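Down below is the structure, laid out as structure tokens.
The values are calculated or read from the model by the stated rules, or taken from the named source; none is laboratory data. Keep in mind it's a predicted model, so treat the numbers as computed, not measured. Cβ: placed from backbone, ideal geometry, glycine included. Neighbour counts: every protein chain shown. Just the protein is used for accessible areas: all its heavy atoms, side chains included, with ligands, DNA and RNA removed. Shrake-Rupley method; radii C 1.70, N 1.55, O 1.52, S 1.80 Å.
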Amino acid sequence: MRKMSSAPRPILNVVAALIALAPCALTNAAKAAECTRKDALGTSRVLEVDPATYPRVGLKSFPQTLPLRDGEVVLTFDDGPTPGVTDKVLTALAAECVQATFFIVGRNAADHPDMVRKIARLGHTVGYHSWDHPHLNKMPLDQAEANINRGIEAVQMALRGTASTVPSTPFFRFPYFESTPALLERLEKRGIAVFGADFWASDWNKMTPDEELKLLTGRLEGHRKGIILLHDPQMRTAEMLPAFLRYLQEHNYRIVHIVPAAMKTVSDRTH
């Protein structure tokens with residue numbers, strides 16, 4: 001997903017580009033990458049998400065969620081990146097060979113483009129979370145969409161060196177989950193899937209990492225599967241994450257990595 005520079009070795013350039021774009025180009029037959037640590041949690045499978053089939057998912061906000069099996073979870077992180085804290089999250093995920101999805105705030109991407117590229121380089125999926133995390137449902141429609149677009153542009157600039165309102169990965173999450181019917185319609189017409197969550201750790205509240213772990217695992221046992229919302233700028237979450245990943249492994253939960261469907265599937269949609 002990093003912008004590639006020209007070089008006199010075109011074959012190597014093609015290979016590098018394919019590696020960089022891997023999170024956005026996996027097919028239905030794709031498998032999670034091999035993990036060198038045999039005792040790691042690992043990523044169980046890759047799930048393609050087609051916005052034409054799943055325009056909005058997450059039972060906290062919508063009637064539909066992803067087609068997950070019992071014991072399968074999708075890890076998602078909002079509001080980053082934040083150097084130092086997001087780094088701890090990435091280290092914990094890498095230690096267990098786990099892939100996640102990061103819904104990035106555009107202003108943070110503009111401030112820390114190297115962190116955005118690091119997230120993509122490590123194979124995680126990069127989604128979008130507005131420019132500056134406002135209450136989009138309280139803004140005029142065009143102003144709200146402009147804020148969404150500005151966020152997309154900032155992340156695209158960090159990833160590719162070009163400010164485009166066409167997202168590399170058509171995944172968006174509303175700040176505070178505050179969508180409106182009009183904004184949902186516009187994003188659906190653009191082929192952008194909107195992500196809610198099935199449950200979360202409430203890590204915006206003051207608590208210890210141990211308290212967060214207890215809260216999150218209790219909710220997990222109640223749901224048994226789903227899209228989990230966490231926040232990578234929260235130090236309590238970064239400190240809790242290694243224990244949570246161990247819990248998942250010890251209790252036979254499996255990680256699912258979400259990626260976009262083949263672009264032809266999305267573009268075949270009739271608006």
Of the conditions (1) farther than 30 Å from Gly42 by Cβ; (2) open to solvent by 30 Å² or more (accessible area, probe 1.4 Å), Ile148 satisfies every one except a single condition; which number is it? (2)
Condition test on Ala95, is it more than 25 Å from Arg224 (Cα to Cα), aliphatic (A, V, I, L, M) and in contact (Cβ under 8 Å) with a residue 24 or more places away in the chain? no
Output the number of residues of region 73-86 satisfying the condition of being over 21 Å from Val49 (Cα atoms) and touching a residue at least 12 places away in the same chain (Cβ under 8 Å). 7
Identify all residues within region 247-271 that are exposed (fewer than 11 other Cβ atoms within 10 Å of the Cβ), part of a helix (DSSP H, G or I) and at pLDDT 75 or above; write none if there are none. Glu250
Identify, please: which residue in region 66-99 is within 27 Å of Trp131 (Cβ to Cβ) and in a loop (DSSP other than H, G, I, E, B) and is, among those, most open to solvent (accessible area, probe 1.4 Å)? Pro83
Give me the pairs, please: first residue somewhere in region 198-215 and in contact (Cβ under 8 Å) with a residue 60 or more places away in the chain, second residue anywhere and open to solvent by less than 40 Å² (accessible area, probe 1.4 Å) and of a type in the set (Val, Ile, Thr), beta-carbon distance under 7 Å, and either six or more positions apart or on two chains. Asp198/Thr65; Asp198/Ile227; Phe199/Ile228; Trp200/Ile228
Scan region 167-209 for residues that are within 17 Å of Met139 (Cβ to Cβ), assigned to a loop (DSSP other than H, G, I, E, B) and touching a Phe, Trp or Tyr at 6+ places or on another chain (Cβ under 8 Å) and jot them down. Arg173
Taking region 48-65 as the region of interest, how many residues are open to solvent by 20 Å² or more (accessible area, probe 1.4 Å) and assigned to a strand (DSSP E or B)? 2
State which residue is most open to solvent (accessible area, probe 1.4 Å) when the search covers only region 170-186 and only residues that are farther than 17 Å from Thr65 by Cβ and in contact (Cβ under 8 Å) with a residue 24 or more places away in the chain. Tyr176
May I ask you to list the residues in region 16-35 that are surrounded by fewer than 18 Cβ atoms within 10 Å (Cβ to Cβ) and either at pLDDT 80 or above or not in a loop (DSSP other than H, G, I, E, B) (or both)? Ala16, Ala17, Leu18, Ile19, Ala22
Among the numbered criteria (1) assigned to a loop (DSSP other than H, G, I, E, B); (2) within 16 Å of Ser168 (Cβ to Cβ); (3) touching a strand residue (DSSP E or B) at 6+ places or on another chain (Cβ under 7 Å), which one does Gly123 miss? (3)
Scan region 116-126 for residues that are open to solvent by 10 Å² or more (accessible area, probe 1.4 Å) and either free of Cβ contacts under 8 Å to residues at least 40 places away in the same chain or at positive phi (or both) and report the count. 3
Being hydroxyl-bearing (Ser, Thr, Tyr) and closer than 14 Å to Phe102 by Cα is the filter here; which residues of region 156-177 pass it? Ser168, Thr169
Please work out if Arg107 is of a type in the set (Lys, Arg), in contact (Cβ under 8 Å) with a residue 24 or more places away in the chain and outside any helix (DSSP H, G or I). no
Take Thr101 and tell me if it is among the β-branched types (Val, Ile, Thr) and out of contact with any Ser or Thr (no Cβ under 9 Å at 6 or more places or on another chain). no
Test: residue in region 202-211 that is surrounded by fewer than 20 Cβ atoms within 10 Å (Cβ to Cβ) and within 21 Å of the chain's Cα centre (by Cα): yes
